[in-house]
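Undergrad: Sending over a structure as structure tokens; questions will come in a sec.
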Amino acid sequence: MTLLTAMFFYLFSGVAIGAALMVISSRNPVHSVLFLILAFFNAAGLFMIAGAEFLALILIVVYVGAVAVLFLFVVMMLDVDFVELRQGFLQYLPVGSVVGLVLIGELLIVLGASIISPETAGTALQPIPDPAIRSNTAALGDVLYTHYIFYFQLAGLVLLVAMIGAIVLTLHHRPKVQRQNISDQVARTKETSIEVKQVESGRGI
């Protein structure tokens with residue numbers, strides 16, 4: 001690692017850690033989303049330094065361009081009372097603590113396995129072609145669409161189900177809310193849309 005690469009590594013790492021801390025400590029949810037976008041950009045910079053440009057671009061395009069911006073617009077457009085949401089925080093603390101302990105245990109198991117037997121991680125790897133001939137993005141595409149095509153299709157199916165669920169929740173009709181019905185408007189006739197009133201002379205309706 002050269003001096004310039006090390007400088008960029010520590011720069012991106014420091015900004016990413018600081019932005020991540022601000023995400024969980026900021027009181028304003030809009031500021032939290034903006035700090036999250038900053039953390040994503042710096043993580044993408046770390047991936048570029050490591051030579052994984054595909055992961056860097058996916059992180060920017062998918063997470064920054066879609067997920068984080070979606071969070072930002074949802075937080076800004078929906079008038080959510082966050083003070084009311086924080087009132088029931090303590091009742092979810094035991095469940096959150098259990099989930100956190102499980103995640104910490106899994107991370108420790110993975111870290112311990114990589115330290116005890118570092119050769120285990122390379123047993124399931126596919127052969128990587130010469131980077132001078134092909135980029136790692138092309139190599140990843142070959143592996144993804146050949147050896148793991150069924151898992152890739154399964155992940156797409158899960159995303160499709162999630163998209164359909166989001167559309168169904170959006171189309172949920174609330175009572176006492178006027179909505180436009182295109183079929184009823186197109187099927188209107190003179191008899192159904194016009195009502196003739198016989199008004200006596202000198203009187204209103």
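The values are calculated or read from the model by the stated rules, or taken from the named source; none is laboratory data. Model, not experiment: these values are computed from the prediction. No Cβ is skipped: glycine too gets one built from the backbone with ideal geometry, and neighbour counts run over all protein chains shown. Just the protein is used for accessible areas: all its heavy atoms, side chains included, with ligands, DNA and RNA removed. Shrake-Rupley method; radii C 1.70, N 1.55, O 1.52, S 1.80 Å.
Undergrad: Taking the simple approach of a point 7 Å from Cα along Cα-to-Cβ for both residue 102 and residue 69, what is their distance in nm?
TA: Label at residue 102, label at residue 69, 3.4 nm between them.
Undergrad: If you don't mind, another one. So, taking all protein chains as they sit and a 1.4 Å probe, how much accessible area belongs to residue 197, in Å² rounded to tens?
TA: 130
Undergrad: Calculate the FRET efficiency for residue 4 and residue 142 from the Cβ-Cβ distance with a Förster distance of 45 Å, rounded to the nearest 0.05.
TA: Details: r = 32 Å, r/R0 = 0.72.
E(calc), rounded to 0.05, equals 0.90.
Undergrad: I'd like to compare 135-143, 20-28, 154-162: which one has the highest average count of other Cβ atoms within 10 Å, and what's the full order after that? Display every interim value, and only then the final one.
TA: Details: 135-143: 14.3, 20-28: 12.7, 154-162: 10.2.
Ranking, from highest mean packing down: 135-143, 20-28, 154-162.
Undergrad: At what distance in nm do the modelled label points of residue 195 and residue 61 sit from each other, each positioned 7 Å from its Cα along Cα→Cβ?
TA: 5.7
Undergrad: Same structure, new question: If each residue of separation counts as 0.36 nm, what is the full-extension length gain between residue 187 and residue 30 once their alpha-carbon separation is subtracted? Let's see the in-between values first.
TA: Numbers: separation 157, 0.36 × 157 = 56.52 nm, distance 4.54 nm.
Length gained, residue 187 through residue 30: 52.0 nm.
Undergrad: Highest mean first, what order results for 44-57, 99-112, 5-18 on Cβ atoms within 10 Å? Can you show the working numbers first?
TA: Numbers: 44-57: 16.6, 99-112: 10.1, 5-18: 13.6.
Descending packing order for the listed peptides: 44-57, 5-18, 99-112.
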